[in-house]
Amino acid sequence: MNSFIPAILRRFRNLKHLTLVDVSAIAGMSPQHLSEIESSKRDPRLSSIERIADAMELTLVLVPEHLAPDVRRYVASQGRIFSISSSMSTSTTESTK
């Protein structure tokens with residue numbers, strides 16, 4: 001599988017301090033199967049990815065290709081949105097101090 005999804009799944013599983021056994025039991029698959037998915041030895045079905053994500057309390061979102069760059073920037077900025085209105089309210093607040 002030539003995708004970043006397996007690495008993301010493993011990273012989140014480790015961040016949540018979950019074992020292969022923990023996640024695979026909730027997702028309804030064997031630990032071996034999950035391990036093969038995470039190590040890119042097996043190309044999972046979308047339904048398997050959904051079950052793994054659900055087991056780790058993650059939401060799987062499909063994004064139209066033309067919106068992907070904006071979504072990636074949003075995620076990279078950790079959800080911070082900068083706009084003219086938020087900048088103006090900050091400068092207004094600072095000038096009234």
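Numbers at a glance
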| read-out | value |
| --- | --- |
| Pairwise label distance in nanometres, SER35 with GLU50, each label 7 Å out on the Cα-Cβ vector | 2.8 nm |
| Using a Förster distance of 22 Å, the FRET efficiency for LYS16-GLN78 (Cβ separation, nearest 0.05) | 0.80 |
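Since every read-out is calculated from the coordinates, none of them should be taken as a lab result. Just so it is clear, the structure is predicted and the values come from calculations on it, not from any experiment. Neighbour counts are summed over all protein chains in view; Cβ atoms, including those assigned to glycine, are modelled from backbone coordinates with ideal geometry.
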